Structure formats: structure tokens, C-alpha cells
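A short worksheet on the structure shown next.
The values are calculated or read from the model by the stated rules, or taken from the named source; none is laboratory data. Computed from a predicted model, the values in this text were never measured in an experiment. All Cβ positions, glycine included, derive from the backbone under ideal geometry; neighbour counts span all protein chains shown.
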Amino acid sequence: MARLPIFFYRYLGSRFLSSIVSNAFAVYFLWEIVVTFKSVFLAGLIPTISLASDLILVIPIGHLIDRFNSTKLGMLSSLVLILGVAFLLTGDSIFLIYTATIFITLGVTMKGDAISATTKKNLDTEQFMSANQRLQGAGYASALTGALFGGFSIIYLTRYFVFIIFIMAIASFLLSFPIKEAKNTDNQVKLRSQLSSSLGFLKKITGFLAVGFVLNGLIESLDVYSSGLFHLVLKVSPVYYTLFVAFLSIGGIIGSFASGLLQRYVNTAHRISLLIVLFSPAILFIALVKSAIGDITDSFLIGFLLPVINIPLSVNLMKVIPRNIYGKVMAFLRVFLGGATPALAAVFSFLALFFSVNSIFLYVGIILFPVCALSFKALPRFFAMANNEKQNSEGST
């Protein structure tokens with residue numbers, strides 16, 4: 001496995017800390033608002049504001065990444081994160097919480113996009129696999145750590161929670177000092193031309209986009225219905241629901257680091273397509289087998305499969321996107337794939353008015369099979385693009 005430079009681990013640590021801040025903030029204040037104001041609606045505004053901020057800001061951030069040093073933007077993102085947490089130090093009004101949500105979302109969004117662009121601009125293609133393993137593993141680990149820390153703080157660290165995440169934000173800043181980066185020679189190209197190039201590239205990967213949208217929707221179905229599954233269908237303690245959610249992240253962490261060992265076996269489009277199709281029986285298992293332990297095990301397996309599939313896809317995506325439009329293309333992907341969450345959440349919530357949770361999981365599992373089977377057609381084209389790009393880059397050196 002290719003060795004990675006020290007600066008990559010600095011930026012990875014910076015993103016890890018900022019993600020913990022974001023996840024812990026959401027868990028902690030979702031609970032606090034419900035307890036204080038007795039309103040699920042007011043609490044629900046936190047993810048709504050966060051999602052809206054993310055979708056509005058991601059395109060401008062992508063444009064900035066194409067034009068400026070991505071590591072400097074990574075440092076700026078930490079300053080924005082510090083500012084967001086600083087609002088919470090001035091008071092505990094709900095207005096300050098919502099304002100902090102906007103700034104924390106901006107900081108974390110910019111941080112994630114900046115480190116992705118830094119990887120593209122400053123590492124060799126042979127290092128992309130190792131870098132993406134660590135990026136995805138750290139992502140799952142920060143989600144799990146942030147959720148546990150936020151929940152623990154509700155009980156034991158209420159007085160100190162904001163101070164602790166403020167210190168984490170400062171530590172994220174200290175790890176994010178920039179490095180020199182080769183200037184993008186295509187920066188002088190007109191924005192309209194770059195946007196045209198971006199749209200032209202996206203047309204080439206429409207099949208890949210469709211598969212990604214479905215996979216994001218799959219995870220959303222688990223998020224929307226898992227609480228109802230354990231409470232209404234299985235009628236078990238919320239501890240099992242917590243374990244179900246936690247083991248999805250634990251599986252992701254293990255899968256991220258195991259993907260290096262599995263690379264030789266999962267290195268073709270057809271093998272990855274086969275793994276994608278396995279999500280259909282995984283969902284059908286939840287629908288048909290009424291066992292809390294069985295569902296938790298299934299959650300772990302789904303979490304394990306996701307990075308094993310996503311990492312080679314991310315590596316090839318990093319290879320094929322031209323450097324001068326990398327930020328814009330990744331911004332569109334964030335909007336498109338991120339948009340799968342609210343779009344399919346609305347669909348799933350609507351279906352819940354007419355069908356039982358088990359029935360919905362059954363229908364989702366059945367529908368997933370032909371949709372995921374489309375990957376057998378879409379992914380070979382996508383992998384061929386990546387191989388051609390690699391050959392072109394090697395021929396030009």
C-alpha cells in the first residue's frame with residue numbers, strides 16, 4: 001500500500017475533529033431543544049437548516065476550490081467552525097443554536113471538500129486508494145465518536161460540552177496549516193466554459209450517478225424506518241435500536257480498513273456490481289426475519305459493504321475528474337447525492353402513512369434488485385473511463 005505524506009494525516013486529523021464537533025453538536029442540541037421547548041418541530045429545524053446550508057454553499061465552495069489553494073481553504077474552514085462554536089459561548093438561545101448550525105455546517109462542508117481536492121491535487125494516483133480508505137474510515141469513526149460523545153455529554157457533561165467542542169475546533173485549526181500547492185494553469189478559463197465542461201463530464205457518468213443515488217436512498221430508508229422497526233414491530237428496548245445504528249458505523253470502520261486487503265478481489269466493475277446487488281437481500285432479510293440480533297448483524301454487514309464498494313468507486317472518480325473542474329463536479333455530486341436524502345425521506349415518510357414498516361422494507365428490497373442490477377451496465381463504462389485517464393496521464397509524463 002502506498003505511503004502517504006505527513007500533511008495528509010494532519011488534514012485528516014483536522015477533518016476528524018471537525019466532524020466530531022458537527023456530529024456531537026447535532027446529537028446534543030437535538031435532545032436539548034426537545035427537552036427545553038417540548039417541540040420536535042424546533043429540533044427538526046437543526047438538520048433542515050444544516051441541509052439547506054450545505055446545498056446552498058456547496059457550489060460556491062467548489063468554485064473556490066478550483067481557483068485557490070485547497071489547503072488554505074481547509075484552514076479557513078476551521079476558522080469558520082471556531083466562529084460557529086463561539087456563538088454558543090455567548091448564550092443558549094435557540095437563535096444562537098440555529099446560527100451556530102449554519103457556520104458549523106459551512107466549516108465541515110468546506111473541510112471535507114478541501115481535503116478531497118487536496119488529495120486530488122497533491123497525491124499520486126497510486127496513493128488514492130490508501131487515502132480514500134483513511135478518509136472513509138475516519139468518516140465512519142467520527143460519526144460514531146461524535147454521536148457517542150454527544151449522547152454522553154447530555155448526561156454527564158452538560159456544563160462543559162460547548163467548551164470541549166470549542167477546544168476541538170481550535171485543535172482542528174492547529175492541524176490545518178496550509179502547504180504550497182501548484183497553481184492551476186486553467187484558472188484563467190472563463191467560468192461559463194468551466195461549467196460547460198463540468199456538465200459535459202457529468203453526462204458521461206449518468207449511470208454512476210443513478211447507482212449512487214439509489215445507494216444513498218438505501219441508507220436513508222434504514223435511518224427513517226429503523227426506529228419504527230425496533231419500537232413498533234420488534235417491540236424491544238431502545239438499546240437495540242442504538243446498537244443497530246452504531247453497528248452500521250462500526251461495520252463501515254472495519255470495512256474501510258479491510259478494503260485494502262480485499263482490493264485484489266474487488267477490483268473490477270462486475271465484482272463491485274455483484275456486491276451492490278447484495279443490498280437487495282440484505283434489506284429483504286430485515287423485512288422477513290423478525291430478530292433484533294439478526295437485524296443488528298445485518299446492519300453491521302451493510303456498513304461493512306458500503307466502504308468496500310465506495311472506496312474503489314471514489315478512487316476511480318478521483319482519477320477521471322479533470323483537475324480544473326474537480327471542485328465544481330464534486331460540488332454537483334454533493335448536491336445530487338445529498339439531495340437523495342431529503343427526496344427519498346419524503347417518499348418513505350409518505351409510504352409510512354399507508355404501509356407497515358415491514359411491508360416497506362419488503363418493497364424496498366424487491367425494487368432494489370433490478371435498480372442495483374443496472375450497475376452491471378453503468379460501472380464497466382465508468383471503470384473504462386478511469387483506465388483511459390490513467391493511460392493518458394502516464395503517456396503524458
The range 158-169 residues that are within 14 Å of ILE82 (Cβ to Cβ), paired with ones that are β-branched (Val, Ile, Thr) (beta carbon under 6 Å, 6 or more apart): ILE165/VAL21; ILE165/VAL85; PHE166/VAL85; MET168/VAL21; ALA169/VAL21; ALA169/ILE82; ALA169/VAL85
Members of the range 98-110 found to be of a type in the set (Val, Ile, Thr) and surrounded by 23 or more Cβ atoms within 10 Å (Cβ to Cβ), listed by number: THR101, ILE104, THR105, VAL108, THR109
Residue identified as of a type in the set (S, T, N, Q) and either closer than 23 Å to PHE161 by Cα or in a loop (DSSP other than H, G, I, E, B) (or both) among SER18, SER53: SER18
Checking VAL211 against (1) among the β-branched types (Val, Ile, Thr); (2) more than 25 Å from ALA331 (Cα to Cα); (3) modelled with pLDDT under 85, the condition it does not meet: (2)
Filter result for SER93 (within 15 Å of ALA26 (Cα to Cα) and either among the polar types (S, T, N, Q) or at pLDDT below 90 (or both)): no
Search result, residues across the range 50-88 that are surrounded by fewer than 18 Cβ atoms within 10 Å (Cβ to Cβ), of a type in the set (A, V, I, L, M) and over 21 Å from the mean Cα position of the chain (by Cα): LEU79, LEU83, ALA86
Test: residue in the range 262-284 that is touching a helix residue (DSSP H, G or I) at 6+ places or on another chain (Cβ under 9 Å), farther than 12 Å from PHE304 by Cα, part of a helix (DSSP H, G or I) and among the aromatic types (Phe, Trp, Tyr): no
